[in-house]
Amino acid sequence: MTLRDNPRIDNSSSLDRSALRYPISPSDTAIATYGGRDLQPNRGVPLNLDWVNAVRVNTSAVERRAQTIGTRRTVKKEWQVAWLLRAITCMDLTTLSGDDTDERVRRLCAKARQPIQHELVQKLGIESLNIKVAAVCVYHTFVETARRAIEGSGIHVAAVSTGFPAGLSPFEERVAEIRRSVEAGADEIDVVITRAHVFGGKWQALYDEIAAFKNACGPAHLKVILGTGDLLTLRNVARASVVAMMAGADFIKTSTGKEAVNATLPVSLVMTRAIREYAQETGMAVGFKPAGGIRTAKQSLDWLALMKEELGDSWLKAELFRFGASGMLADIERQLGHHATGRYSADYRHPIA
């Protein structure tokens, strides 16, 4: 369905491309397809409260659907290896600890460049694939260290920002933090929303906040963390997802990884269907990043199956899908090792940093 055909997008300015919040540029080419239609990068649209208020979620239906993911079919043998390798290429390798150091970040970047042990790469015969992760994610303090360590690799540097993880620092400080990280060389900025805007139904305030973050990002990609474990209901998750996309988010992300409840399949299903509806009605594609609590190779297959079934093959690439799950890499390496040798190696043989 196009903007012109969509009865919920009735603001005439949303039909005028020149009135969109972010103008089209020569590099604004199709990044995905859905239903045979080319999709452009997200530029945002004017806030449509009718659309937001009309959002409904059937919680029991979502939970039933989520339970079928990964159980209706399985991926085995060399196909499982291929899926696990794809999971690695969609990973944001992350360190966000209070005791982070420059040396730890450099070790993380070395792992990002070569996430699979060289001996195992040879046994699998995948040298030509040049497998590496999508990005390394660090605090602002370590952006420059990471940028230097991964220079020339094609790996992105992502910085968490806006008072991560609570997102409650003064607004001007949050915006300034984004600008500093971009100036330091960050390619992507993971921002935290003010959850209170969602609880209070203050959609204009949420929209304006995210739009300001987007503007501060400049050329960097904006990944908007909803903090779904704090949002209480799936309807809140769906509404916050829609508002974030309208405001220009390049990605919507489940969690900081610091909440009591992080990424879950029901929440991810709601968010991916919001992405699908937004794509159908605006012609623009938004990426998705589940983060926190994803620790096993089996879980990576579940989320890849979700993306394939709900959004299609276009979302099975780093440009539109990321895992915020560094702890998962060791288990993936162990599974790949088992495929190559028939034996599982110990966890300590696969350090992250």
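The values are calculated or read from the model by the stated rules, or taken from the named source; none is laboratory data. As the structure is a computational prediction, the values presented were derived from the model and not from experiment. Cβ placement follows ideal geometry from the backbone for every residue including glycine, while neighbour counts extend to all protein chains displayed. These accessible areas exclude ligands, DNA and RNA; they are computed on the full protein's heavy atoms, side chains included. Shrake-Rupley method; radii C 1.70, N 1.55, O 1.52, S 1.80 Å.
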Is at least one residue of region 107-114 open to solvent by less than 60 Å² (accessible area, probe 1.4 Å) and part of a loop (DSSP other than H, G, I, E, B)? no
Scan region 251-274 residue by residue and report those that are more than 28 Å from Trp51 (Cβ to Cβ) and either of a type in the set (Lys, Arg) or surrounded by 19 or more Cβ atoms within 10 Å (Cβ to Cβ) (or both). Gly257, Lys258
Phe171, sole failed condition from (1) over 20 Å from the mean Cα position of the chain (by Cα); (2) closer than 21 Å to Cys109 by Cβ: (2)
Can you name every residue in region 275-322 that is closer than 17 Å to Arg56 by Cα and open to solvent by less than 10 Å² (accessible area, probe 1.4 Å)? Ile275, Tyr278
Would you mind finding the one in Ile225, Ile189 that is among the β-branched types (Val, Ile, Thr), closer than 26 Å to Leu39 by Cα and out of contact with any Leu (no Cβ under 8 Å at 6 or more places or on another chain)? Ile225
Is it fair to say Val242 is in contact (Cβ under 8 Å) with a residue 24 or more places away in the chain and either surrounded by fewer than 22 Cβ atoms within 10 Å (Cβ to Cβ) or assigned to a helix (DSSP H, G or I) (or both)? yes
Could you check region 45-93 and list, in sequence order, the residues that are open to solvent by 40 Å² or more (accessible area, probe 1.4 Å), under 20 Å from Ala135 (Cα atoms) and either of a type in the set (A, V, I, L, M) or in a strand (DSSP E or B) (or both)? Ala82
